[in-house]
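**Student:** Okay, handing you the structure first.
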Amino acid sequence: MSVHKQHSAGFGSDNPVNSVVIVGGGTSGWMTAAGIARIAPPQTSITLVESEDIGVIGVGEATIPTLFEFNDFLGIKESDMLSECQGTFKLGIDFVDWLKKGQAYFHPFGFFGRDTPEFSFHQLWLRLRELAANEGRTVDAAEDINQYNLCTAAARLGRFAQPQGGGDAILSTMRYAYHFDSIAYGQMLRRYAEKRGVKRVEGTVVSVHKNIENGTITSVELEEGTRIVGDFFIDCSGFKSLLIEGAMASDYIDWSHYLPCDRAIALPTEGISTPDPFTRATADNAGWRWRIPLQQRMGNGYVYSSAHASEDDVYEKLMAGAEGAPLSDPKPLRFRTGHRQKFWEKNCVAIGLAGGFIEPLESTSIHLAQMGIQRLLNLWPGRGYNPAEIAHYNRVMTADYERLRDFIVLHYNATEREDTEFWRYVKNMAIPDSLQATIEIFKGSGRLIPSPEDLFTPHSWLAVMLGQGIYPKNYDKLVEQVPSESLAQNMQLLRDSVSKTAAALPTHSEYIRRYCAVRSQ
């Protein structure tokens, strides 16, 4: 990196931001370009620099429900996006062998039962379990909380429908995300952005020039010598972090002691005729394997700790477990879990992998890019840069990462497995104090105390807590105001309603054919 001396009003002034430079394309780069193009004043020039030689990570094929909001903000029609990107629907994640070998549980995106202003639904369920135990009855399927979740019931039957109705309508409790081709999604956003004036420049950034007086970035220089000048710079260069680390020297907060997986191998294979409406994550000796069904292919991969397995061993296991013939060579990836100490420094913001990474167990990578973009747009520096707003951005983005970190660590630490060195490590490792407090509160009374900023709702935490074998000792005694006989009858009605509604839904394949099938070329 070189430093270019330039005298200007620069950082902290009231000078308008008339030119934005985005370094890096891929999903996060083009999401950023599309988002800024959507809200920036017409006189704002937006330039995105990317190199075809570098390519993109492009293996993230599963999302969480929040992506719908971003597409809606851009005005992108859901069925068009899914058709163009081979999209299928995702009702949740099937976790296999995480608590112990041979045991599975489902993390649905939809809601369990119906919460009330007085108490959470699962408190009623906990009391129902205790009543069964007090009566000497075995706690069986009738007390399985999954019987009260429409997403889980529909996923098990391979069925799907979008949420409908409100109030007490069972279909209103559905929530969903997508499986899709993330490279195709990025290209769709590129067309969207270029149509709105974003200029794409082909090239590789080799140096970054800064104002020697105030430390702001003034321009980036490409391999052939072209210099691109801007007022505001966004780092979407992936793990390279060319601007936020290379130029702005923002330190990296490493979480590999909590999340030791640091490698992955991705492998696309031929698709199946009846794609499941869920992702599958199967725990393995040194990490876990993913299975993500698209309309015309299957995404497979193995996320692992290089300290506990060799690439050759992982490759062999991945090839043995993948369904269908490979469509390309396996793609190895390296990463480090954590985030930048400062996502925004002076006139530079890091979005996506450049800002941080939490391993893909709950498909949060695109969401974190989306949150970085959304928070940036809410604070868009139309005139100058406000240090207080920059500090706020860094604070809330750090909190986003920490909350997601805790949720992912829960999956690993709450396990009974001790069959390999990897599982012995994660079971016995120290965990963040914030996660320990969440677990202890839940163990005591079943309470889950949400933050307004939480991505994963208490229903998600509940699914994973129970799935990983964490059950409360007690329940909220307020639910005892409901007579036990009425409780049993109402819960039976709810179970029956969920079961009948799920069985009446169209199959996932049928819904895709009607709504968003890939169009023939």
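**Student:** Of Thr269, Thr337, which residue is of a type in the set (Val, Ile, Thr) and farther than 24 Å from Ile431 by Cβ? Before the answer, list the steps.
**Tutor:** On the way: Thr337 fails: farther than 24 Å from Ile431 by Cβ.
Only one candidate qualifies: Thr269.
**Student:** Out of curiosity, is Ser207 within 25 Å of the chain's Cα centre (by Cα), under 30 Å from Gly35 (Cβ atoms) and surrounded by 16 or more Cβ atoms within 10 Å (Cβ to Cβ)? I'd like the intermediate steps shown before the answer.
**Tutor:** Working: within 25 Å of the chain's Cα centre (by Cα): no; under 30 Å from Gly35 (Cβ atoms): yes; surrounded by 16 or more Cβ atoms within 10 Å (Cβ to Cβ): yes.
For Ser207, the condition - within 25 Å of the chain's Cα centre (by Cα), under 30 Å from Gly35 (Cβ atoms) and surrounded by 16 or more Cβ atoms within 10 Å (Cβ to Cβ) - is not met.
**Student:** Something else: So, in the stretch 282-304, exactly how many residues are in contact with a helix residue (DSSP H, G or I) (Cβ under 6 Å, 6 or more places away or on another chain) and small (Gly, Ala, Ser)?
**Tutor:** Of the residues in the stretch 282-304, 1 are in contact with a helix residue (DSSP H, G or I) (Cβ under 6 Å, 6 or more places away or on another chain) and small (Gly, Ala, Ser).
**Student:** Taking Arg513 and the conditions (1) closer than 29 Å to Gln295 by Cα; (2) in contact (Cβ under 8 Å) with a residue 24 or more places away in the chain, which numbered condition does it fall short on, given that it satisfies the others?
**Tutor:** (2)
**Student:** Kindly provide the set of residues from the stretch 448-469 that are aliphatic (A, V, I, L, M), surrounded by 17 or more Cβ atoms within 10 Å (Cβ to Cβ) and not in a helix (DSSP H, G or I), ordered by number.
**Tutor:** At the first step, the residues of the stretch 448-469 found to be aliphatic (A, V, I, L, M) are 448-449, 455, 462-466.
Narrowing further to those that are surrounded by 17 or more Cβ atoms within 10 Å (Cβ to Cβ): 448, 455, 462-466.
Correct list: Leu448, Leu455.
**Student:** Continuing with the same structure: Being surrounded by fewer than 16 Cβ atoms within 10 Å (Cβ to Cβ) and at pLDDT 95 or above is true for just one of Ala350, Ala391. Which residue is that?
**Tutor:** Values: Ala350 fails: surrounded by fewer than 16 Cβ atoms within 10 Å (Cβ to Cβ).
Every option except Ala391 fails the conditions.
**Student:** Out of the stretch 235-256, which residues are at negative phi and over 21 Å from the mean Cα position of the chain (by Cα)? Break it down into steps so the answer makes sense when it comes.
**Tutor:** Looking only at the stretch 235-256, we keep the residues that are at negative phi, and these are 235-237, 239-240, 242-248, 250-256.
Matches in the stretch 235-256: Leu242, Leu243, Ile244, Glu245, Gly246, Ala247, Met248, Ser250, Asp251.
**Student:** Here's something else I'd like to know. Does Glu440 satisfy being free of Cβ contacts under 8 Å to residues at least 12 places away in the same chain and within 26 Å of Ser306 (Cα to Cα)? Full working, then the answer.
**Tutor:** Details: free of Cβ contacts under 8 Å to residues at least 12 places away in the same chain: yes; within 26 Å of Ser306 (Cα to Cα): no.
The answer is no for Glu440.
**Student:** Among the residues of the stretch 470-487, how many are surrounded by 15 or more Cβ atoms within 10 Å (Cβ to Cβ) and of a type in the set (Gly, Ala, Ser)?
**Tutor:** Residues flagged as surrounded by 15 or more Cβ atoms within 10 Å (Cβ to Cβ) and of a type in the set (Gly, Ala, Ser) within the stretch 470-487 amount to 0.
**Student:** For the stretch 316-344, give me each residue that is more than 25 Å from the chain's Cα centre (by Cα) and either at pLDDT 95 or above or part of a helix (DSSP H, G or I) (or both).
**Tutor:** Of everything in the stretch 316-344, those that are more than 25 Å from the chain's Cα centre (by Cα) and either at pLDDT 95 or above or part of a helix (DSSP H, G or I) (or both) turn out to be Glu316, Lys317, Met319, Ala320.
**Student:** Can you name the residue in the stretch 498-521 that is among the charged types (D, E, K, R) and part of a helix (DSSP H, G or I) and, of all such residues, is farthest from Ser83 (Cα to Cα)? Steps first, please.
**Tutor:** From the stretch 498-521, those among the charged types (D, E, K, R) are 500, 510, 513-514, 519; that's our starting set.
Retained after the next criterion (residues that are part of a helix (DSSP H, G or I)): 500, 510, 513-514.
Working: Lys500: 30, Glu510: 14, Arg513: 10, Arg514: 11 Å.
Among those that are among the charged types (D, E, K, R) and part of a helix (DSSP H, G or I), it is Lys500.
**Student:** Surrounded by fewer than 18 Cβ atoms within 10 Å (Cβ to Cβ), at pLDDT 95 or above and either under 22 Å from Thr279 (Cα atoms) or over 24 Å from the mean Cα position of the chain (by Cα) (or both), is that true of Asp419?
**Tutor:** Numbers: surrounded by fewer than 18 Cβ atoms within 10 Å (Cβ to Cβ): yes; at pLDDT 95 or above: yes; either under 22 Å from Thr279 (Cα atoms) or over 24 Å from the mean Cα position of the chain (by Cα) (or both): yes.
Taking the combined requirement at face value, the residue satisfies it.
One line per residue, one yes/no per condition, for (1) at pLDDT below 95; (2) more than 28 Å from Val409 (Cβ to Cβ):
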| site | (1), (2) |
| --- | --- |
| Ile22 | no, yes |
| Ile54 | yes, yes |
| Ala62 | yes, no |
| Leu74 | no, yes |
| Leu91 | no, no |
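**Student:** Pick out the one residue from Ser451, Ser434, Ser460, Ser484 that is more than 26 Å from the chain's Cα centre (by Cα) and not assigned by TED's automatic domain parsing to the domain that holds Glu362.
**Tutor:** Numbers: Ser451 fails: more than 26 Å from the chain's Cα centre (by Cα); Ser434 fails: more than 26 Å from the chain's Cα centre (by Cα); Ser460 fails: more than 26 Å from the chain's Cα centre (by Cα).
Only one candidate passes the filter, namely Ser484.
**Student:** Being at positive phi, buried (at least 16 other Cβ atoms within 10 Å of the Cβ) and either touching a Ser or Thr at 6+ places or on another chain (Cβ under 9 Å) or assigned to a loop (DSSP other than H, G, I, E, B) (or both): is that true of Gln86 here? Steps first, please.
**Tutor:** On the way: at positive phi: yes; buried (at least 16 other Cβ atoms within 10 Å of the Cβ): yes; either touching a Ser or Thr at 6+ places or on another chain (Cβ under 9 Å) or assigned to a loop (DSSP other than H, G, I, E, B) (or both): yes.
So Gln86 passes the test.
**Student:** Further, regarding this structure: Are any of the residues in the stretch 243-253 within 17 Å of Leu48 (Cα to Cα) and not in a helix (DSSP H, G or I)? Steps first, please.
**Tutor:** Taking the stretch 243-253 as the starting set, the residues that turn out to be within 17 Å of Leu48 (Cα to Cα) are 243-244.
Still in the running and not in a helix (DSSP H, G or I): 243-244.
Scanning the stretch 243-253 turns up at least one residue that is within 17 Å of Leu48 (Cα to Cα) and not in a helix (DSSP H, G or I).
**Student:** Additional query: Here is a check on your reading of the model: is Leu361 outside any loop (DSSP other than H, G, I, E, B) and either charged (D, E, K, R) or under 15 Å from Trp461 (Cβ atoms) (or both)? Step through it out loud before you land on a result.
**Tutor:** On the way: outside any loop (DSSP other than H, G, I, E, B): yes; either charged (D, E, K, R) or under 15 Å from Trp461 (Cβ atoms) (or both): yes.
So Leu361 passes the test.
**Student:** Considering (1) buried (at least 18 other Cβ atoms within 10 Å of the Cβ); (2) under 29 Å from the mean Cα position of the chain (by Cα); (3) of a type in the set (Val, Ile, Thr); (4) under 18 Å from Gly246 (Cα atoms), say which one Ile217 fails and leave the rest.
**Tutor:** (2)
**Student:** Being of a type in the set (D, E, K, R) and in a helix (DSSP H, G or I) is the filter; apply it to the stretch 108-163 and report the residue that is modelled with the highest pLDDT. Break it down stepwise before answering.
**Tutor:** Here is the first cut: in the stretch 108-163, the ones of a type in the set (D, E, K, R) are 114-115, 118, 127, 129-130, 135, 137, 140, 143-144, 156, 159.
Adding the requirement that they be in a helix (DSSP H, G or I) leaves 127, 129-130, 143, 156.
Numbers: Arg127: 93, Arg129: 89, Glu130: 89, Glu143: 62, Arg156: 97.
Ranking the candidates gives Arg156 first.
**Student:** Another question, then. Please find, among Leu377, Leu353, Leu361, the residue that is in contact (Cβ under 8 Å) with a residue 40 or more places away in the chain, in the same structural domain as Ile234 (by TED's automatic domain parsing) and either more than 24 Å from Arg291 (Cβ to Cβ) or of a type in the set (S, T, N, Q) (or both). Spell out the reasoning first.
**Tutor:** Values: Leu353 fails: either more than 24 Å from Arg291 (Cβ to Cβ) or of a type in the set (S, T, N, Q) (or both); Leu361 fails: either more than 24 Å from Arg291 (Cβ to Cβ) or of a type in the set (S, T, N, Q) (or both).
Exactly one of Leu377, Leu353, Leu361 is in contact (Cβ under 8 Å) with a residue 40 or more places away in the chain, in the same structural domain as Ile234 (by TED's automatic domain parsing) and either more than 24 Å from Arg291 (Cβ to Cβ) or of a type in the set (S, T, N, Q) (or both), namely Leu377.
**Student:** Pairs needed: first member in the stretch 247-260, in the same structural domain as Trp423 (by TED's automatic domain parsing) and of a type in the set (D, E, K, R); second member anywhere, crowded, with 22+ Cβ neighbours inside 10 Å and part of a loop (DSSP other than H, G, I, E, B); C-beta distance under 7 Å; at least 6 residues apart or different chains.
**Tutor:** Short answer, once both residue conditions are applied: none.
**Student:** Can you tell which of Ala388, Ala369 is free of Cβ contacts under 8 Å to residues at least 24 places away in the same chain, assigned to a helix (DSSP H, G or I) and either within 27 Å of Pro452 (Cβ to Cβ) or assigned by TED's automatic domain parsing to the domain that holds Ala286 (or both)? Let's see the steps before the verdict.
**Tutor:** Numbers: Ala369 fails: free of Cβ contacts under 8 Å to residues at least 24 places away in the same chain.
None of the other options fit; the residue is Ala388.
**Student:** Something else now. Return a yes/no flag: does the stretch 195-214 have any residue that is touching a residue at least 60 places away in the same chain (Cβ under 8 Å) and in a helix (DSSP H, G or I).
**Tutor:** Filtering the stretch 195-214 for residues touching a residue at least 60 places away in the same chain (Cβ under 8 Å) gives 196-205, 207-214.
In the following step, the residues that additionally are in a helix (DSSP H, G or I) were identified as none.
No, every residue in the stretch 195-214 fails to be touching a residue at least 60 places away in the same chain (Cβ under 8 Å) and in a helix (DSSP H, G or I).
The values are calculated or read from the model by the stated rules, or taken from the named source; none is laboratory data. Note that the structure is predicted; figures quoted are calculated from it, not measured. We place every Cβ from the backbone using ideal geometry, glycine too, and count neighbours over all the protein chains shown.
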